[in-house]
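Quick notes on the structure that follows.
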Amino acid sequence: MKRQFILFGLFFIALLLIFRGCNGNTDLEANLAGGDLGISMLSTEYKLDNLVTVRLRNNTSSDIKIENDCPREPLNVYRYNNGEWIQLESEPKIACNTTESFVIKPGEDFNVDYKSWNHSLFHEIGRYKIGANLITESGVQEFQSNEFTVGGKSWFGYVWGTFLYQPIYNSLIYLVSIVPNYNLGIAIILLTIILRSILFIPSQRGLESQRKLQDLQPRIKKIQEKFKGNQEKIAQETFALYKEYKVNPFGSCLPLLIQLPILIALFYVISSGLNPDNVYMLYEPLKGFDLSLIDSNFFGLLNLQKIDIFVLPLIVAGLQFFQMKLSMAKKNKEKAEENNKDDKKKKTGDEMQMASQMMVYVMPVMIALFTASVPSGVGLYWGTSTAFGILQQLYVNKKVASKHQKNEAQVRVIEKK
């Protein structure tokens, strides 16, 4: 159980790092400090299809207003070609009724991303820069960012996009195209059920491995008591026990590890993949589908492309808590019986049991924090996946209980003989 707790901690930290992004620009502050309007790229190097983002800073004592020019790109984009800077333009088919001009207060920063124009403007390898027009006392003046480059995809980016991101992206779009009103929420639920069904067998093995480990805990504890102080001998005997009962000590972590890449891919699909600029990623049979038709409003309750910090995190955390209680039900029952027989053990407690109990409460809190930091569509996926996991856990518990009762019945028959 300690191993699971540590693994989940690493899993949670990895998600935060991945979702926040790893691009950096050491000259960011210096670029932002120059002129009335500081303008700097968040990174000086981008790979193809990475989201280009620019930061603006108001260095004046008055508000700065950047006019909305939707469906055109928010700021001027230039690409270096044949010895000169050429301005690029794009007017994708996007909804402009929700876009507004933005105002930057004195001393404040503001990030502008090119989510709806990214591929159409930055699909070629080369040198780029961004320019923003500002009306000053001397007339219209353009402030330009530092140069940045767009380079080819890395091997990891190619493998990730071709074999994971695009299949999940196209699967979700296909499901959206066949559900009523092109509802994104229904499509996410269906996709989750399909993925969990495909992964049912490895997940099942992981859950069964976890139950087997619980059954072996009394014997492992005896080994620890017998060879107390000799860690090498404890390790040898413990792994011999795993081998005898064909238990993989890491098998219980498999369901979590399997979901990690899927969760990351789905995050990027929902947060930035559902705009018309990404039509190039659709497989040929889906090329004609209009991405602007997608309804991200889940029955009037949630906008699945935005963050919900209250209701959904609580629901997902509650489901996670219930699932963990189910996974530890047998262990807690046996522990209670053991403590009733030995009051001294009850007072002393067990380190592993304490770690398990702590995980039951800490993990749902971490899941709630994670859900409150990502688009609601990702939270809906995790909640649906957890609900599926609860049903699977109930099945495993029933299967194990039935097997346990059968073994007890056989023992009673032998005793009578």
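The values are calculated or read from the model by the stated rules, or taken from the named source; none is laboratory data. As the structure is a computational prediction, the values presented were derived from the model and not from experiment. All Cβ positions, glycine included, derive from the backbone under ideal geometry; neighbour counts span all protein chains shown.
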When (1) at pLDDT 85 or above; (2) in the same structural domain as Ser43 (by TED's automatic domain parsing) are applied to Ser197, the one that fails is (2)
How many residues of the stretch 274-286 are modelled with pLDDT of 90 or more and assigned to a loop (DSSP other than H, G, I, E, B)? The answer is 2
If you go through Leu293, Leu266, Leu286, Leu302, the only one that is surrounded by fewer than 16 Cβ atoms within 10 Å (Cβ to Cβ), under 21 Å from Asn183 (Cβ atoms) and touching a helix residue (DSSP H, G or I) at 6+ places or on another chain (Cβ under 6 Å) is Leu293
Only unsatisfied item for Ser272, checking (1) out of contact with any His (no Cβ under 9 Å at 6 or more places or on another chain); (2) closer than 26 Å to Leu48 by Cα; (3) buried (at least 19 other Cβ atoms within 10 Å of the Cβ), is (3)
Looking across the stretch 89-114 at residues that are within 29 Å of the chain's Cα centre (by Cα) and surrounded by 17 or more Cβ atoms within 10 Å (Cβ to Cβ), the single one that is modelled with the lowest pLDDT is Ile94
**OP:** Might you check whether a residue that is more than 28 Å from the chain's Cα centre (by Cα), surrounded by fewer than 16 Cβ atoms within 10 Å (Cβ to Cβ) and either in contact (Cβ under 8 Å) with a residue 60 or more places away in the chain or assigned by TED's automatic domain parsing to the domain that holds Thr60 (or both) occurs anywhere in the stretch 147-167?
**Re:** yes
Within the stretch 32-75, the count of residues that are under 32 Å from the mean Cα position of the chain (by Cα) and either more than 13 Å from Phe110 (Cα to Cα) or assigned to a loop (DSSP other than H, G, I, E, B) (or both) comes to 18
Of the residues in the stretch 23-68, those that are exposed (fewer than 14 other Cβ atoms within 10 Å of the Cβ) and charged (D, E, K, R) come to Asp27, Glu29, Glu45, Asp63, Lys65, Glu67
(1) basic (Lys, Arg); (2) within 30 Å of Gln305 (Cβ to Cβ); (3) free of Cβ contacts under 8 Å to residues at least 24 places away in the same chain all hold for Lys226 apart from (2)
If we take the stretch 79-143, then strands (runs of 3 or more DSSP E) inside it with 1 or more residues that are more than 16 Å from Met41 (Cα to Cα) and free of Cβ contacts under 8 Å to residues at least 40 places away in the same chain are 84-88, 102-104, 126-136
Every listed condition ((1) in the same structural domain as Trp382 (by TED's automatic domain parsing); (2) under 25 Å from the mean Cα position of the chain (by Cα)) holds for Asn118 save (1)
Of the candidates Phe298, Phe289, Phe250, the one satisfying the condition of being assigned by TED's automatic domain parsing to the domain that holds Leu369 and more than 18 Å from Tyr174 (Cα to Cα) is Phe250
Within the stretch 208-230, of all residues that are assigned to a helix (DSSP H, G or I) and more than 37 Å from the chain's Cα centre (by Cα), the one surrounded by the fewest Cβ atoms within 10 Å (Cβ to Cβ) is Glu225
